[in-house]
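A.B. asks: I'd like to ask you about the structure that follows.
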Amino acid sequence: MSKIAIQFFTEDLVYTLKNKTKIRTWLLQTISAEGYELAELNFILCSDEYLLGINQQYLNHDTYTDVITFDNSDEEKTIVGDIFISLERIQENAKNFKSNVYDELCRVMVHGTLHLLGYKDKTKAEKALMTQKEDHYLALR
């Protein structure tokens, strides 16, 4: 049996992700379209407090956030990463952006994946390109 390269986990909360196969296929197509290979990608859905702890411990940021991406790859153009997502932030964002939780979760998943593909979002121009890429890949779901 082959190992599934994209895995979904939860920490400190109970949540059942729907459409896992569809999400895997979509993210794999996104990675391939950007010219990368996928080795391993883990999505860890967690609470605000859990993600805040990671933000404090590893990034020295004392703020809540919706996603933190860790790039663990050793080889260029190969994805190995862990993406932590606060489900509470996703639910809040969905409300604020008048979206649904599934669509917002997919947006944040592709956002984290785009970071692993080399996209940044620190400057206004980088943010604009990141949002454009998110919208492009979300439309292909």
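The values are calculated or read from the model by the stated rules, or taken from the named source; none is laboratory data. None of the values given here were measured: they were computed from a predicted structure. In this analysis, Cβ positions are derived from the backbone assuming ideal geometry, glycine residues included, and neighbour counts consider all displayed protein chains. Protein only, heavy atoms only, side chains kept; ligands, DNA and RNA dropped before computing areas. Shrake-Rupley method; radii C 1.70, N 1.55, O 1.52, S 1.80 Å.
A.B. asks: Within the range 86-101, can one find any residue that is within 16 Å of the chain's Cα centre (by Cα) and of a type in the set (Phe, Trp, Tyr)?
C.D. replies: Filtering the range 86-101 for residues within 16 Å of the chain's Cα centre (by Cα) gives 86-91, 93-94, 101.
Now drop any that are not of a type in the set (Phe, Trp, Tyr), which leaves none.
The answer is no, given that none of the residues of the range 86-101 is within 16 Å of the chain's Cα centre (by Cα) and of a type in the set (Phe, Trp, Tyr).
A.B. asks: Looking only at the range 1-23, how many residues end up being closer than 18 Å to residue 116 by Cα and open to solvent by less than 50 Å² (accessible area, probe 1.4 Å)?
C.D. replies: Summing the residues that are closer than 18 Å to residue 116 by Cα and open to solvent by less than 50 Å² (accessible area, probe 1.4 Å) in the range 1-23 gives 4.
A.B. asks: Hey, could you check the range 33-58 for residues that are farther than 23 Å from residue 103 by Cα and hydroxyl-bearing (Ser, Thr, Tyr) and say which is surrounded by the fewest Cβ atoms within 10 Å (Cβ to Cβ)?
C.D. replies: Per the stated criteria, the residue is 58.
A.B. asks: With 77, 124 as the choices, which residue is touching a strand residue (DSSP E or B) at 6+ places or on another chain (Cβ under 9 Å) and among the basic types (Lys, Arg)? Talk me through it step by step, then tell me what you get.
C.D. replies: Values: 124 fails: touching a strand residue (DSSP E or B) at 6+ places or on another chain (Cβ under 9 Å).
None of the other options fit; the residue is 77.
A.B. asks: Kindly evaluate residue 114 against the criterion of being loosely packed, with under 14 Cβ neighbours inside 10 Å, modelled with pLDDT of 95 or more, within 22 Å of residue 17 (Cβ to Cβ) and aliphatic (A, V, I, L, M). Steps first, please.
C.D. replies: Details: loosely packed, with under 14 Cβ neighbours inside 10 Å: no; modelled with pLDDT of 95 or more: yes; within 22 Å of residue 17 (Cβ to Cβ): yes; aliphatic (A, V, I, L, M): yes.
No; evaluated as a whole, the condition is false for this residue.
A.B. asks: Residues 83, 90, 44: which one is within 17 Å of residue 9 (Cα to Cα), of a type outside the set (Gly, Ala, Ser), out of contact with any Ser or Thr (no Cβ under 8 Å at 6 or more places or on another chain) and modelled with pLDDT of 95 or more?
C.D. replies: Going through 83, 90, 44 in turn, just one is within 17 Å of residue 9 (Cα to Cα), of a type outside the set (Gly, Ala, Ser), out of contact with any Ser or Thr (no Cβ under 8 Å at 6 or more places or on another chain) and modelled with pLDDT of 95 or more: 90.
A.B. asks: Considering only residues that are β-branched (Val, Ile, Thr) and within 19 Å of residue 35 (Cα to Cα), look in the range 59-80 and name the one that is surrounded by the most Cβ atoms within 10 Å (Cβ to Cβ).
C.D. replies: Per the criteria, the residue is 79.
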